[in-house]
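Data block below; observations after.
The values are calculated or read from the model by the stated rules, or taken from the named source; none is laboratory data. Everything numeric in this text was worked out from a predicted model, so none of it was measured. Here the Cβ positions follow ideal geometry from the backbone for every residue, glycine too, while neighbour counts run over all protein chains shown.
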Amino acid sequence: MKKDEDRRQRGGDTARLTRGELFSIFFKAGLAFGGGLGILAVLEDELVSKRRAVSKEEFLTIYGIGRVVPSGTMTALAIAYGYKFGGMLGTVIALAALALPAFVLTIILTVAYHYLRNSRLFELIPVTIMPAALALIVVAALKLGKDVFRPSRELAVACAAFALALFPRLNPALILLAGGVLGAFALRNVEEKKDVDAKEVGK
């Protein structure tokens, strides 16, 4: 049992999700506060930590791909995991589950704003909801990045990308593409090293 879990964590094996589970996961993610990072934290908790359906590395890889494609990142994740676990129907289920809470809540909040916009309740938003939402975003970011915050090549690349985005203010798409190219070279070197080590062990 322990070996199966370890293999699953490394990405050697993946758990299967039913369509009901797929709907439940993305519906729960759609209810998350904090925008994309809030949703991402829920998906990471459900898919990686609880169900071990994907490894942490695969999860971050698919997230990185989702950042590059010309669509909303969370939409891209819903499509990717929906198709991975349920084919075309799974894609529809994941997208619908993710969008449903936002669709309903946006309508409700729009109606509420129309009737309550002159109320003193709206004066409380900057000192109540906004700080709470910011705290959730920060916690989600720290949780997702905790494996990167250690001396490593990944941390060096992350710091370089942060500097490029903050100071020269390069286009995020260019930074992601550059990171993808560097990652491809790094992965090739790792695979070559593994092949060499395997040949030495075989001797």
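From (1) at pLDDT 55 or above; (2) within 22 Å of Gly87 (Cβ to Cβ); (3) not in a helix (DSSP H, G or I), pick out the condition that doesn't hold for Gly11.
So the condition that Gly11 fails would be (1).
Given the criteria over 18 Å from the mean Cα position of the chain (by Cα), in the same structural domain as Tyr63 (by TED's automatic domain parsing) and modelled with pLDDT of 70 or more, does Val138 qualify? Break it down stepwise before answering.
Values: over 18 Å from the mean Cα position of the chain (by Cα): no; in the same structural domain as Tyr63 (by TED's automatic domain parsing): yes; modelled with pLDDT of 70 or more: yes.
No; evaluated as a whole, the condition is false for this residue.
Would you check if Phe85 is farther than 29 Å from Gly180 by Cβ and either surrounded by 15 or more Cβ atoms within 10 Å (Cβ to Cβ) or assigned by TED's automatic domain parsing to the domain that holds Leu176 (or both)?
In short, no.
For the stretch 52-80, which positions are in contact with a Gly (Cβ under 8 Å, 6 or more places away or on another chain) and in contact (Cβ under 8 Å) with a residue 60 or more places away in the chain?
Those that are in contact with a Gly (Cβ under 8 Å, 6 or more places away or on another chain) and in contact (Cβ under 8 Å) with a residue 60 or more places away in the chain: Gly64, Val68.
Could you check Ala94 against (1) modelled with pLDDT of 90 or more; (2) on the phi > 0 side of the Ramachandran plot; (3) not polar (S, T, N, Q) and say which number it fails?
The number of the failed condition is (2).
Looking at this structure, is Val148 farther than 20 Å from Leu31 by Cβ and modelled with pLDDT under 75? Even if it seems obvious, please write down each step before you answer.
Values: farther than 20 Å from Leu31 by Cβ: yes; modelled with pLDDT under 75: yes.
Spelling it out, Val148 is indeed farther than 20 Å from Leu31 by Cβ and modelled with pLDDT under 75.
Could you check Val54 against (1) in a helix (DSSP H, G or I); (2) hydrophobic (A, V, I, L, M, F, W, C); (3) at pLDDT 90 or above and say which number it fails?
Of (1) in a helix (DSSP H, G or I); (2) hydrophobic (A, V, I, L, M, F, W, C); (3) at pLDDT 90 or above, only one is false for Val54: (1).
Inspect the stretch 98-109 for any residue being of a type in the set (S, T, N, Q), more than 21 Å from the chain's Cα centre (by Cα), in the same structural domain as Gly30 (by TED's automatic domain parsing) and at pLDDT 75 or above and give the result as yes or no.
Among the residues of the stretch 98-109, at least one is of a type in the set (S, T, N, Q), more than 21 Å from the chain's Cα centre (by Cα), in the same structural domain as Gly30 (by TED's automatic domain parsing) and at pLDDT 75 or above, which makes the answer yes.
For the stretch 45-67, give me each residue that is touching a helix residue (DSSP H, G or I) at 6+ places or on another chain (Cβ under 6 Å) and either farther than 15 Å from Lys84 by Cα or not small (Gly, Ala, Ser) (or both).
Hits for the stretch 45-67 are Glu46, Val48, Arg52, Val54, Lys56, Phe59, Ile62, Arg67.
When the stretch 17-49 is examined, which residues are found to be in contact with a Phe, Trp or Tyr (Cβ under 6 Å, 6 or more places away or on another chain) and either of a type in the set (Phe, Trp, Tyr) or closer than 13 Å to Leu95 by Cα (or both)?
Hit for the stretch 17-49 is Leu22, nothing else.
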